[in-house]
Amino acid sequence: MGTQKRIGILTSGGDCAGLNAVIRAVVHHAVNTYGWEVLGIRQATQGLMVRPPLASSLTPDKVDPFLTAGGTMLGTTNKGNPFAFPMPDGSLRDRSHEIIEGYRLLGLDALIGIGGDGSLAILQRLAQQGNLNLVGIPKTIDNDVGVTELSIGFDTAVSIATEALDRLHFTAASHSRVMILEVMGRDAGHIAISAGIAGGADIILIPEIPYTINGICQAIKQRQEAGKNYCLVIVAEAVRTEAGESVTLDSDVEQCRLGGIGQYLSKQICSRIDAETRVTVLGHIQRGGTPSPLDRLIGATFGVAAVDLIAEEKYDRVVTWQNRHVRSVSIREAILHYAAVNPEGTLVKTARGLNIYLGD
């Protein structure tokens, strides 16, 4: 059974499907296998700034109902870097010491942090500064954490985008339209190319491969000449204009949000060829809903592995999925390289083999 421990768990950054499966696995394994206590920390690191810290004991009975729920039962935030935290007067303050103190006040022996590369980098810095025992679990619908083949939330996002393409097929054919589906992915095109292949898209645009409007129009005209009266286009939100400019939403929030490339493409296509276009932006629909079986499976696997790392006192590690096995690597190694779509990789070759237009 090992030494009695009290461990904390938090979710940080954007939410996604499968987080509750991770939390459930951590609680079941820690409580039932090792006899430990698990504290769920609410609202990520901000919950450790509050006095008393926002944390409560988690038991198998408490977490079981959340297995099929989207989002995170602990809450999360993707705002407010604790090393330069925005204050009400507009100033920035280093509040990292408050988080470290919160960890101490809870009497934690270790912390499991579930997050993307940005969150993991912040958590690692906090752990190094405060000598905290940290184990990380990668989650992001973007699937861009360097050394893991899968991150929590990615499969569900791809499933939702694929279903959207499935539905758009029929309305596109009924009205002889070019349907443009804009999907998330931050700076990477993993969701777009995976869903595009699975959903039968005719054109897939990702930030890793340049394109031209003329190339897109030519692909649409070729379909028209072949007697195919409609076309499905899926585009990642980070795709730039033909001139290389980012497309962002007008917003008064602190963070610059990508969005609008679908509308840009629609206008460009309509101005050059005889085609009626419609744009669908999935947005946060990709983050919500019931997690896919794969996200629950990977979530359970990552949660169990993270608890075992704590039992072995192997800290400053991230669990990853590689070659059908869970392996842990240092946090530094996990976030050192950004995992964009490889323009020479298998999925790109597959798409081209299916005669899907990807770019010029």
Review point. Once Rh is set to the Kirkwood radius over Cα pairs, what Stokes-Einstein translational diffusion coefficient, in µm²/s, holds for segment 318-360 at a temperature of 10 °C and a viscosity of 1.306 mPa s?
Key: 124
**Study point:** Separation between Cα centres of segment 37-68 and segment 131-176, rounded to whole Å
**Key:** 26
Practice item. Using every pair of alpha-carbon atoms in segment 29-109, split the distances into 5 Å bins beginning at 0 and state the percent of pairs per bin, rounded to integers. Key: 3, 13, 20, 20, 18, 12, 8, 4, 2, 0
Study note, to complete from the structure: Taking only Cα atoms of segment 247-341, the Rg to Rh ratio with Kirkwood Rh works out at 1.16
Practice item. Pull out the extension gain between ALA243 and LYS221, defined as 0.36 nm times the separation in residues minus the alpha carbon to alpha carbon distance; nm, one decimal. Key: 5.7 nm
Exercise for review: Run the 1.4 Å probe and let me know the accessible area of ASP166, rounded to the nearest 10 Å².
Suggested key: 70
Point to revise | Of every Cα-Cα pair in segment 49-176, the percent that sits beyond 19 Å | key: 64
Practice item. Select from GLY8, LEU258, GLY283 the residue farthest towards the positive end of the dipole of the chain; place +1 on Cβ of Lys and Arg, -1 on Cβ of Asp and Glu, and compute about the Cα centre. Key: GLY8
Check your understanding: Which aspartates and glutamates have a Cα lying under 19 Å from the Cα of LYS267, excluding residues fewer than 8 positions away in the same chain?
Key -> GLU182, ASP202, GLU237, GLU242, GLU245, ASP250, GLU276
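At a temperature of 25 °C and a viscosity of 0.890 mPa s, determine how fast segment 170-232 diffuses translationally according to Stokes-Einstein, using the Kirkwood radius over alpha-carbon pairs as Rh; express D in µm²/s, rounded to the nearest whole number.
Details: Rh = 12.6 Å.
Estimated diffusion coefficient is 195 µm²/s.
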Check your understanding: Modelled label-to-label distance, LYS314 and GLN4, 7 Å Cα→beta-carbon offset: nm?
Key -> 2.7
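Computed over the Cα atoms of the chain, what is the convex hull's projected area averaged over all directions, in nm²?
Convex hull of Cα atoms, orientation-averaged projection: 18.8 nm².
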Point to revise | Where GLU245, GLU101 fall by accessible area, highest first, once all protein chains stay in place (1.4 Å) | key: GLU245, GLU101
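Apply 1/(1 + (r/R0)^6) to the Cβ-Cβ distance of ARG93 and ALA173, taking R0 = 41 Å, and write down the FRET efficiency to the nearest 0.05.
0.15
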Check your understanding: Which pairs, out of LYS79/LYS314; LYS79/LYS349; LYS5/LYS62; LYS5/LYS139; LYS5/LYS79, put more than 27 Å between their alpha-carbon atoms?
Key -> LYS79/LYS314; LYS79/LYS349; LYS5/LYS79
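The values are calculated or read from the model by the stated rules, or taken from the named source; none is laboratory data. Fair warning: this is a prediction, and the values are worked out from it, not measured in the lab. Positions of Cβ are generated from backbone atoms using ideal geometry, with glycine treated the same way; all protein chains shown enter the neighbour counts. For the accessible areas, the whole protein counts, side chains as well, though only heavy atoms, and no ligand, DNA or RNA atoms are used. Shrake-Rupley method; radii C 1.70, N 1.55, O 1.52, S 1.80 Å.
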